[in-house]
Amino acid sequence: MTGTKTPIIPAVTVATGSAPSSGTVDSRGMRPMQALAYSRRGEQYLLIKSPPASGKSRALMFVALDKLHHQGLKKAIIVVPERSIGASFRDEELSAQGFFADWRVAPRWNLCDAPGGDAAKGKVKAFGEFLKSDDRALVCTHATFRFAVDELGVEALDDCLIAVDEFHHVSAHPDNRLGAILSAIIGRGSAHVVAMTGSYFRGDGAPVLSPEDEQKFETVTYTYHQQLAGYAHLKSLSIRYCFYSGSYLDQLADVLDPAKKTIVHIPSVNARESTKEKVEEANAILSLLGEWQGIDGPTGFHRVKAVDGRILKVADLVDDDPKTREKVAAALRDPKGRKDRDHVDVIIALGMAKEGFDWIWCEHALTVGYRSSLTEIVQIIGRATRDAPGKAEAVFTNFIAEPDASEQAVTEAVNDTLKAIAASLLMEQVLAPRFDFTPKNVGSKEGFDYGENGYVEGGRNVGYSQETGQIHMEIGGFAEPSSLEAQRICREDLNELLTDFIQTKEVIERGLFDHEEVPEQNTVVRMGKIVRERYPDLTPEDQEAVRQQAIAAFAVIQEASARMKSGSKAAGVDDDAQGNLLGSTAFVDGVRRFAMDVRELDIDLIDSINPFGEAYSILSRAMDGPTLERVETAIAAKKVKLDPDEARDLARRALVFKKERGRSPSLTASDPYEQLMAQGVAYLKQMKKKAMADGA
């Protein structure tokens, strides 16, 4: 162990349980999200975006039964990414709670339980036999589904419901076979599709669906805020990251609390955080937890005596022995065990226990090293967000190797640091209440509470809806989307758009470490380019409206967080302990303070805010001076110049500037953004000159 305790940096804390319980059921046995999805059961193509633990599996059962009994479909085929998730779709006595039918999957048709790999000939043969049988429901993995359709053809799925769980595994990229099959099914138009996911974005930045296919889907969105606000037991969710130097095993005890129900995800053997000996790492973690007492025969769990005398049951999913690992995995899947809080205390995993893994008692998801994508981070966080009796707090900790100021090559370390910050920024966006932005002087909106003073002319007050978890806020000069598609994007896709923004390496590098760059280079130019590339069919006016919506949401959350922290300091509260209380009254108060602290809240002001400023302040506290300087130097060495697309966008904005002010932007202006527009115009002039000289 090192002599200095590892600093833990809270990125965001969410206060939960502030609304009617999301676990309450109606007369049909449906929770709020399930009832919302069921209300759209008549749609041929339905996309359900809903966080972990909101009940997507059962929502699918309700929708599928209606399609089978009342909409003329013959079969329901449930497709999951891995075998363990198939357990979520086993038989359910839905009629006992008031629904008109029960969910039944004959054991032979749950191919996730069948022996052999996903590509086994027996499973593909069984898939074909199911289609000829009188039974109505089948469950299989994504891989088995692909192999079966390759053999049988998409026409075999006519009049079937295809339900795809963890839909973010689909991609519009030509190399994604599952995506190609879904596109062919949609193009044929003879089957129904229900897509379900808690994170509708991919780590590689590829779109999940093509724009043409995506427009055919009706979307049901149930937000993290709605889900967490309705919890009965879980009262706070904290997301934090901390840096270590040397071997992570030397400092893991600083963040690993044996008293908490914990999943420890150790790093991939290819990651720089790994010792390259994963089994030894798992054994070292067992030693950190206490004194080994042996292995429990029925479950395969390790028994470890902690310092306080308790016997901890530890599930090791890292062990390479397939029989041992399968025994442990089976014990974790056991329905009786999953209901028992004392069944297991700590799970050590590498590639398992992520998406779809259901352990409601998990209080701490501890991940060593940056994972492969933001999607994976969201999925891991989801392991800790289940509501359960006696579980008041949940924490996600990302334990990351600190860039070493003495290293010659710090590129990889810097990249991991940036990705960790991006993950926390994304989760702030995902967990925060949704905004309803409007132009100034629209007036108060029904269902929103505007505080003690009520609505004030000029839009300086902020309204909050307890029922929907939305915040209404007026912004001067704000553009509203005109087309239905642009309105849908602003309503449904802002988190996916901001994911593209945050994951763009140049955006986060410049936003965090280039103190000379004007914020508009990110908020206006780079975000504008991302919107145009993602939604090329929108008019320029609607593209601008979408850009403004996304940047306003991002910037306001960051500004509210900063004001909440300053309020905590004024009240004598340590901001390291305070975090950002998203979803609580404190967060709404932070938004109100931001709205009241400025003389004129308009879109120009929003665009001039560096949305990465708060993240930089957290990072500067997490790292020592030499390390931070080393990182900034590495970023500064890659200073980027304007590209032609950015220059064109700036030139277009320069024309608007000229119309409004009667003069062109100046390269010597005191306003940095005016200088930037002038640089865009100058860049295009140079391009034109060069083209003429080249005879183009």
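Brief remarks on what is shown
- If the segment from residue 321 to residue 190 were pulled out straight at 0.36 nm per residue, it would be longer than the present Cα-Cα gap by 42.7 nm.
- Only helices enter this figure: runs of n ≥ 4 DSSP H residues, each worth -39500 (n - 2.57), summed and divided by the residues of the chain, yield -12000 deg cm²/dmol at 222 nm to the nearest 500.
- Distant-in-sequence amide H partners of residue 47 (H built 1.01 Å from N, under 5 Å): 195, 218, 219, 220
- FRET efficiency estimate (nearest 0.05) - Cβ-Cβ, residue 91 to residue 121, R0 30 angstrom: 0.65
- Here the calculated FRET efficiency for residue 69 and residue 39, from their Cβ-Cβ distance with R0 = 25 Å, stands at 0.90, rounded to the nearest 0.05.
- Scaling against 2.2 N^0.38 Å puts the C-alpha radius of gyration of the stretch 210-259 at 2.06.
- Calculated SAXS-style log₁₀ I(q)/I(0) at q = 0.06, 0.08, 0.10 Å⁻¹ - the chain, Debye, Cα scatterers: -0.37, -0.67, -1.05
- For the chain, size of Cβ-based charge dipole, Lys and Arg +1, Asp and Glu -1, in debye: 800 debye
- The length gained by stretching the chain between residue 218 and residue 133 to full extension, at 0.36 nm per residue less their Cα-Cα distance, is 27.5 nm.
- Each residue was assigned an accessible area with a 1.4 Å probe, and for residue 362 the value is about 0 Å².
- Average accessible area per residue (Å²) across the stretch 133-198 - probe 1.4 Å, nucleic acids and ligands excluded: 34 Å²
- Extension gain for residue 667-residue 311 works out to 121.2 nm (0.36 nm per residue, less the C-alpha to C-alpha distance).
- Residue 250 versus residue 303: modelled label distance in nm, points set 7 Å from Cα along the beta carbon direction: 3.5 nm
- Portion, in percent, of the accessible area of the chain that falls on carbon or sulfur, probe 1.4 Å: 50 percent
- Along the stretch 178-184 the Karplus relation, 6.51 cos²θ - 1.76 cosθ + 1.60 evaluated at θ = phi - 60°, assigns HN-Hα couplings of 4, x, 5, 5, 4, 5, 5 Hz to successive residues, with x for each Gly and Pro.
- Exposure of residue 692 as accessible area (Å², to 10), given a probe of 1.4 Å and all protein chains: 130 Å²
- Percent RCO, i.e. relative contact order, over the chain, from Cα pairs under 8 Å lying at least 6 residues apart: 13 percent
- Longest segment of the chain lacking GluC sites (Glu not before Pro) that sit in a DSSP loop with at most 15 other Cβ atoms within 10 Å: 94-276
- Cα gyration tensor shape of the stretch 95-234, rounded if a/c is under 1.5, else prolate or oblate by comparing a/b with b/c: oblate
- A simple spin-label model places pseudo-atoms 7 Å from Cα toward Cβ; at residue 292 and residue 152 they are separated by 4.7 nm.
- Furthest towards positive pole of dipole, 262, 619, 176, structure part the chain, Cβ charges: 176
The values are calculated or read from the model by the stated rules, or taken from the named source; none is laboratory data. Computed from a prediction, not measured in an experiment: that's the story for all the values here. As a convention, Cβ positions derive from the backbone with ideal geometry for all residues, glycine included, and neighbour counts pool all protein chains shown. Protein only, heavy atoms only, side chains kept; ligands, DNA and RNA dropped before computing areas. Shrake-Rupley method; radii C 1.70, N 1.55, O 1.52, S 1.80 Å.
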